[in-house]
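Below is one structure, written out as structure tokens; comments come after it.
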Amino acid sequence: MRLLYINPNSTEAMTESLVSVARGAVPWVEVLGWTNPDGPPAIQGAEDGERAVAGLLALLPKARAAEVDAIVIACFDDTGLEQLRAAAHCPVIGIGQAAMTVAALHGGRFGIVTTLDVSVPVIAANVAAYGHRPACAGVLASGVPVLEVEAGGADVEARLLDTIAAATAAGAGPIILGCAGMSRLRAGLAAQSGAVLVDGVLASAHLACALASSGDDPATIATVAE
């Protein structure tokens, strides 16, 4: 099985970081990671997302040639999800969609911790579109820009921990990390916060495998798992 993670922004370091997390989640699968050369350096709000879509669509012929079994949009905004899903040769999911699906399966209400205020309306619209509005306790902005999240550091983690605590206080059980750059921070944040943290890169790796293999016979699925 071959999964393709496409980073809608043009920052190669983010692609490398999130693909490393995905490969660790499903080591029996080949995971490719591509960066959108025509995207902005970070996706922060609807305008950035709109700028990225043409570049994402332009990568689909290459994805078909690579014979990938599923495509994952590696931005929590699920940038261009419907457009890519309509045009791709294989299943397409977003890390935001995957994270919300897994968080909902925990039961109760979930919270989402994201980057900047400008990202909140996009994510809130996706929550509603995916049917999760009753289960969502809120979308909270940490005030940390995407590229600062990717850089990490003690101050970044402290601000994310404060926002995780605020989500818990708002009634959230599981808390979703609402940025691909938070993926590599999940273990440390979980240890410090004691919260159940759901990461879309990890969630999408497993769900993309399930989706890609849904038409296979049991023997094929068993072989892939080995």
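Details
- Verdict on Asp117 being over 30 Å from Ala167 (Cβ atoms) and in contact with a strand residue (DSSP E or B) (Cβ under 7 Å, 6 or more places away or on another chain): no
- Residues of the range 162-195 classified as closer than 26 Å to Val92 by Cα and either open to solvent by 20 Å² or more (accessible area, probe 1.4 Å) or out of contact with any helix residue (DSSP H, G or I) (no Cβ under 8 Å at 6 or more places or on another chain) (or both), total: 2
- Residue among Ala74, Ala70 that alone is closer than 13 Å to Asp199 by Cβ and either crowded, with 24+ Cβ neighbours inside 10 Å or at pLDDT below 95 (or both): Ala74
- Here the range 77-87 is the region considered, the condition is being more than 19 Å from Ser183 (Cβ to Cβ) and open to solvent by less than 20 Å² (accessible area, probe 1.4 Å), and the residue that is nearest to the chain's Cα centre (by Cα) is Gly80.
- Top-ranked residue of the range 124-149 - restricted to ones that are over 21 Å from Ala195 (Cα atoms) and touching a Gly at 6+ places or on another chain (Cβ under 7 Å), ranked as least open to solvent (accessible area, probe 1.4 Å): Val146
- Long-range neighbours under 6 Å by Cβ, at least six apart or interchain, first residue without any contact (Cβ under 8 Å) to a residue 24 or more places away in the chain and aliphatic (A, V, I, L, M) within the range 61-89, second assigned to a strand (DSSP E or B) and surrounded by 16 or more Cβ atoms within 10 Å (Cβ to Cβ): Leu81/Ile73; Leu81/Gly94
The values are calculated or read from the model by the stated rules, or taken from the named source; none is laboratory data. Owing to the predicted nature of the structure, the values given are computational and were not obtained by experimental measurement. Note that each Cβ is placed from the backbone with ideal geometry, even for glycine, and that neighbours are counted across all protein chains shown. Areas reflect the complete protein model, heavy atoms only, side chains present, ligands, DNA and RNA absent. Shrake-Rupley method; radii C 1.70, N 1.55, O 1.52, S 1.80 Å.
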